[in-house]
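Chemist: Once you've had a glance at the structure underneath, I'll fire off some questions.
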Amino acid sequence: MSVAPSLDVGQARARLGELTVVDVRTPAEFASGHLPGAVNVPLDRLTRSLPGLREASGGGPLLLVCASGARSRQAVTALASRGVAASSLAGGTVAWAAAGHGLGYPGGGRSRAVWAMERQVRFTAGALVLLGVVLGLVLHPGFSLLSAAVGGGLVFSALTDTCGMALVLGRLPFNRRGADAAAGVPGTV
């Protein structure tokens, strides 16, 4: 079955009954608010969760969701190469909430607020650049290479529309909290 690679909030809302909604953010981000009825399969676990996703969707199309739409677009591309019909929610949960639609929460209540992955990446990259500059001035000029490496990584990230730092940060314990309970898809743990 062919589906559009991206759906806006109105299109997605009209088709929610026929779509299986999969949130590709970390479990901690998922717990901070997700589309009602969504299951959580973090982006780094998506391909190994294919059998469970196919079973959960009954062979129908998937709607992939993240905070802004960037990670869900990556997931659509990855799944398309494996023959899985999927669309990305343009603007992600931010656009969904901005349109006035409610968000669901595991256990029915809001959990402790967790920074979005993009914010975590910006913080970490900025801290590493500052650390490289300070250590380069105080200890040895060679530490400035740390800042150059982070800058190079950010350029590579922009050119390839991928983010290795986000993958690493997504594996930290505070981003994995509740992974087993939040997943909701067979074979994803």
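The values are calculated or read from the model by the stated rules, or taken from the named source; none is laboratory data. The structure displayed is predicted, hence computed values, not measured ones. Positions of Cβ are generated from backbone atoms using ideal geometry, with glycine treated the same way; all protein chains shown enter the neighbour counts. Ligands, DNA and RNA are excluded from the accessible area calculation, which covers all protein heavy atoms including side chains. Shrake-Rupley method; radii C 1.70, N 1.55, O 1.52, S 1.80 Å.
Chemist: Which one of these is farther than 21 Å from PHE174 by Cβ, of a type outside the set (Val, Ile, Thr) and modelled with pLDDT of 85 or more: PRO27, PRO42, PRO5? Break it down stepwise before answering.
Modeler: On the way: PRO27 fails: farther than 21 Å from PHE174 by Cβ; PRO42 fails: farther than 21 Å from PHE174 by Cβ.
Residue meeting the stated conditions: PRO5.
Chemist: Restricting attention to segment 85-97, which residues are more than 14 Å from VAL3 (Cβ to Cβ), in contact (Cβ under 8 Å) with a residue 40 or more places away in the chain and not in a loop (DSSP other than H, G, I, E, B)? I'd like the intermediate steps shown before the answer.
Modeler: Step one: list which residues in segment 85-97 are more than 14 Å from VAL3 (Cβ to Cβ), which gives 91-97.
Filter again for in contact (Cβ under 8 Å) with a residue 40 or more places away in the chain, leaving 91, 93, 95-97.
Within segment 85-97, THR93, ALA95, TRP96, ALA97 meet the criteria.
Chemist: If ALA98 satisfies every condition in (1) exposed (fewer than 14 other Cβ atoms within 10 Å of the Cβ); (2) closer than 27 Å to LEU159 by Cα; (3) modelled with pLDDT of 90 or more; (4) among the hydrophobic types (A, V, I, L, M, F, W, C) but one, which is the exception?
Modeler: (2)
Chemist: Can you tell me which residue in segment 137-165 is nearest to LEU43 (Cα to Cα), limited to those that are open to solvent by less than 80 Å² (accessible area, probe 1.4 Å) and of a type in the set (Val, Ile, Thr)?
Modeler: Filtering segment 137-165 for residues that are open to solvent by less than 80 Å² (accessible area, probe 1.4 Å) and of a type in the set (Val, Ile, Thr), the one nearest to LEU43 (Cα to Cα) comes out as THR162.
Chemist: Let me ask something additional. Which condition number in (1) part of a helix (DSSP H, G or I); (2) at pLDDT below 85 is the one that ARG171 fails?
Modeler: The one condition ARG171 does not meet is (1).
Chemist: Going through ARG82, ARG54, ARG122, ARG73 one at a time, which residue ends up being closer than 20 Å to GLU29 by Cβ, open to solvent by 60 Å² or more (accessible area, probe 1.4 Å) and in contact (Cβ under 8 Å) with a residue 12 or more places away in the chain? Give the derivation first.
Modeler: On the way: ARG82 fails: closer than 20 Å to GLU29 by Cβ; ARG54 fails: closer than 20 Å to GLU29 by Cβ; ARG122 fails: in contact (Cβ under 8 Å) with a residue 12 or more places away in the chain.
Just one listed residue meets the conditions, ARG73.
Chemist: Oh, and also: Checking CYS66 against (1) modelled with pLDDT of 90 or more; (2) closer than 21 Å to SER157 by Cβ; (3) open to solvent by 30 Å² or more (accessible area, probe 1.4 Å); (4) among the hydrophobic types (A, V, I, L, M, F, W, C), only one condition comes out false. Which one?
Modeler: Every listed condition holds for CYS66 apart from (3).
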